[in-house]
Structures are given as structure tokens and as C-alpha cells.
Amino acid sequence: AQQRDTKERDAARMSRDSIKKAEFLKQIGNGYLPFNYFNLDLRYLVKFNQFEGFRTGLGGITNNRFSERYRINSYLVYGFKDKRYKYQIGGGFRVHKASNTWINLSYTDDLQETGSSKFLTDSRFFTFFEPRLLNIDLFHRHITKSIGLQHKISNHLVSEIQLATSKINPTYNYTFVLDDQSFNTFDLSTAILSLQWSPFSSFELVNDRLKETKNGYPKFALQLTQSFKSVLGSDFNFTKLDFRTIQKFTHKNEASTNITFVAGIAGGETPLTHLYHAYPNNITKETILQRFSVAGLNSFETMYFNEFFSDKFSTLQLKHFFRPFNISKRFKPQLVLISRYAVGNMRSIERHQGIEFNTLEKLYSESGFEINKLIFGFGLSFAYRYGAYHLPNLEDNIAFKFTFNITL
């Protein structure tokens, strides 16, 4: 009986240790290093881009041991090339547990890539390094004060509303011309409503927390942004509407097909900082080897940085993942076929002065393949640009890069 009790205690201890290890790896996979009362945010440790050079610092968020009702999240980083500190001071408090309703406040002084657009409701995404970030050079500085409301309307529908004021200062030569006025810097007051709908996912209550147990597809995201002129000193009035849907088909032979459709439209007095690029990821250099870098997850590998901007655009990306080659227990490379398409337009292009770019009235096309996880998570990527935006020099249409995929 004593031996049986000892074995049961050992089994229980091993089970607890296994759960703790799994939880720890999950935290690391989400980009956090957990401590007693806060989780260190690994995103801020080291990054690199063409404007800041190396960017390093510390950031984190308090965890449930600190409080289940209140949280503090902040960071401080330094760019060695532009020799500037950037930071955010933020926090929030929960007003309703069942609907996971939080009110969040933040003050941010940082950089943002011009033409980028993200959804407030996107779940946290972490990668050990961000491929596109390495080569981005077009940033604008923003000092933003915001207040937001997170609310779970249902298990399948989550929402976030944010009110913000921002001071925008492009770090490059840019002038926005409007009604005989020229703006090199400007102020914005915006309201954003973001919705994310996952109608085919399944959820279960685990330890009083709702967790997604089945990642169902398709998923939909919709976001409306409104800028108000003359409210708290705002200079422009414009409206943006962004949409994204992701579909995934899983086949019986361990293969899968992913389809991602993204669209956006901006109307009114919208400066270039808040318009759209189409996720370019190619460096403007002469030879293929000089352009050799890291392929992104959802970027156009043959499209050059700052080559195209649009006030309305849409992209379609198709990826087919073949069953991994089971060469050995540790060596299982995977072939992925990829096709990407983009189309867009821009009205009043003469408003944007000081920077040269093209528009996407015709269909932009590229196709290629990846062979992932060849060694230590690294692989190779090849893409070819064809169709209406095919370039005269054959070499300029080719992108050859490496990939990085790792899971914990």
C-alpha cells in the first residue's frame, strides 16, 4: 500500500511538472517569459530595421498573480541608428469577467511603418524575429494617447473600440497638400471599431476561462476607422474600412491549403501614412544575391519596398502545404506552393509630394514555392513576378530568400 501511495504521488508530481512545462512553453511560444508577478515581453529584446538599426529594450505585462482585475503593460526601447528612445505606458482594468470586458489606457511614443494596417482584435502574434522588419525604412513617428474598450459579444464574436489622438511626424521627405495647405506634420483624432468573428471555432470553459479548443475556419475581421477634423486639433477628416478573411482546408494526407483575402478602402483627406501598401518584402538592390534576405509569412516577396501605395486595394494569397517529407524523426522538410495577387488604385495622387511611388490599377502577380524546415527551422524560398508588372530585366522579377519556421 505504501509503495502504491508513493507511485501515485510520483505520478501526480510528474503530471503537475508536465503541465507546468507545457504552460511555460506556451508562454514562450506567445513571446512571454513568465515571472512571479509579470511576464517579460520578448518582442522588445532585440529587433533590427533600416531606420533604427538595432532596436533593443525591455517590456512586459503584469499577470494574474499581480491581479486578475488590473494590469499594467509598458515598454522602453532604444534605436542605435536614430539614437532615440521609444516607449509606451499603458494599463487596463476589467469591468466584467464573463464577457472579458476591459477598459485600456495607453500613451505611446514610437514608430510605425507607413502604409501598414492592423486589426485591433488580432490575437497576439509572436515570432522570434519579424522577417519584413529587417528591411523596412519608411516609418513615421507617432505620439498617441488612447482609451479602448475590449468586449466579447459572444464566444465567436469579439470587439474592440478605441478613441485616440495622435501627433504624426514622417521621418522621410513627405508633404501632404490639401486645399492650398501643406502639411509636413499633422494631428489626428480617430475612432476605431474592430470586430473579429470565428463562427466555426469551438470553445470550452477551462479553469473559469474560455479557451478555443477547435480553430475553425473561415475567420473574418472587419475594422472601421474614422478621423474627425477639428476635434482636439485634428487636421483631417477621413474614413477607412478594412476587411480580412482566412480559410484553411485540411486534407486527409496531412496536407493543407490556406486562402487569405484582405481588402481596404480609405476615403477623404487621408495622408500617405494611413494609406495602404501591399505587404512588400523586396530590397531595392541590383542582384538576386544582394536581395537575399528572409521571406515573410504573408508578404509579396518580389514587390519592392515603397514601390506601390493605394487608397483602395485587395490582395489574395494562396498557399498549399504538402505533407512533410518523413525522411527521419528530426528531418521533415515541407514543400509549400504559393501564389499571390494584388490590385489597387489611388485618387488625388498629386496630394502626396516628396516621395515617388506607383499604383496598382492592374493585377500584380507572383508565384513560387518554399521548402521549409531544412535545418534548425530554416528553409528556402523562391518567387517569380509575372503579368502586368513584370519588369524588363528578368533578374529583377526573381526573389530568392530563406525562410524560418519554428514551433514550441
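The values are calculated or read from the model by the stated rules, or taken from the named source; none is laboratory data. This is a predicted model, so every value here is computed, not measured. Here the Cβ is made from the backbone with ideal geometry for all residues, glycine too, and neighbour counts use every protein chain on show. Calculation scope for accessible area: heavy atoms of the full protein, side chains included, ligands and nucleic acids excluded. Shrake-Rupley method; radii C 1.70, N 1.55, O 1.52, S 1.80 Å.
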Segment L193-L157, extension gain: residue separation times 0.36 nm, minus the distance between their alpha carbons: 11.7 nm
Cross-link partners of K240 among lysines (Cα-Cα below 26 Å; sequence separation of 8 or more within a chain): K118, K145, K152, K167, K219, K229, K312, K362
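So if R0 is 51 Å, what FRET efficiency would N169 and F325 give, r being the distance between their Cβ atoms, rounded to the nearest 0.05?
Working: r = 50 Å, r/R0 = 0.98.
Rounded to the nearest 0.05, the efficiency is 0.55.
To the nearest 500 deg cm²/dmol, what mean residue ellipticity at 222 nm is calculated for the chain from DSSP H runs of n ≥ 4 alone, each contributing -39,500 (n - 2.57), summed and divided by the residues?
Working: 1 runs with 28 residues, N = 408.
Only helices count here, giving -2500 deg cm²/dmol.
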Average projection area in nm² (convex hull over Cα atoms of segment 290-367, one quarter of hull surface): 7.3 nm²
Compactness of the chain - radius of gyration and Dmax, Cα, Å: 23.2, 91
Scattering curve values for segment 220-272, log₁₀ I(q)/I(0), Debye with Cα scatterers, q = 0.28 Å⁻¹: -1.01
Listed residues Q223, F309, V177: farthest to the positive end of the dipole of the chain (Cβ charges): Q223
Electrostatic dipole magnitude of segment 225-283 [Cβ: Lys, Arg +1; Asp, Glu -1; Cα centre; debye, to 20]: 220 debye
Under 5 Å, built H, 5+ apart or other chain: amide partners of T101: V95, H96, K152
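Using packing as a proxy for protection, rank 257-269, 310-322 so that the peptide with the highest average count of other Cβ atoms within 10 Å comes first.
310-322, 257-269
Considering every Cα-Cα pair within segment 129-242, what fraction, in whole percent, is farther apart than 22 Å? Please list the in-between numbers first.
Values: 3499 of 6441 pairs.
Counting pairs separated by more than 22 Å, the tail of P(r) holds 54 percent.
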Relative pair counts by distance (%), Cα atoms of segment 49-102, 5 Å bins: 5, 18, 19, 15, 12, 10, 9, 9, 3, 0
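Please express the shape of segment 250-332 as an equivalent ellipsoid: the semi-axes are the square roots of 5 times the eigenvalues of the C-alpha gyration tensor, given largest first in whole angstrom. Don't skip to the answer; put the middle values down first.
Details: eigenvalues 217, 84, 12 Å².
For segment 250-332, the semi-axes come out at 33, 20, 8 Å.
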Cβ-defined net charge surrounding F200, 14 Å radius [Lys, Arg +1; Asp, Glu -1]: +2
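For the chain, what % of the accessible area comes from carbon and sulfur atoms, probe 1.4 Å?
Working: 12970 of 22500 Å².
Looking at the chain in its full context, I get 58 percent from C and S.
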Coordinate range along principal axes, alpha carbons of segment 322-376, Å, largest first: 58, 22, 10
Debye log10 I(q)/I(0) at q = 0.13 Å⁻¹ for segment 337-408, Cα point scatterers: -0.57
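For segment 191-326, what is the convex hull volume of its Cα atoms per residue in Å³? Present the calculation step by step, with values, prior to reporting the outcome.
Values: hull volume 25.4 nm³, N = 136.
Once divided by residue count, the hull of segment 191-326 is 186 Å³.
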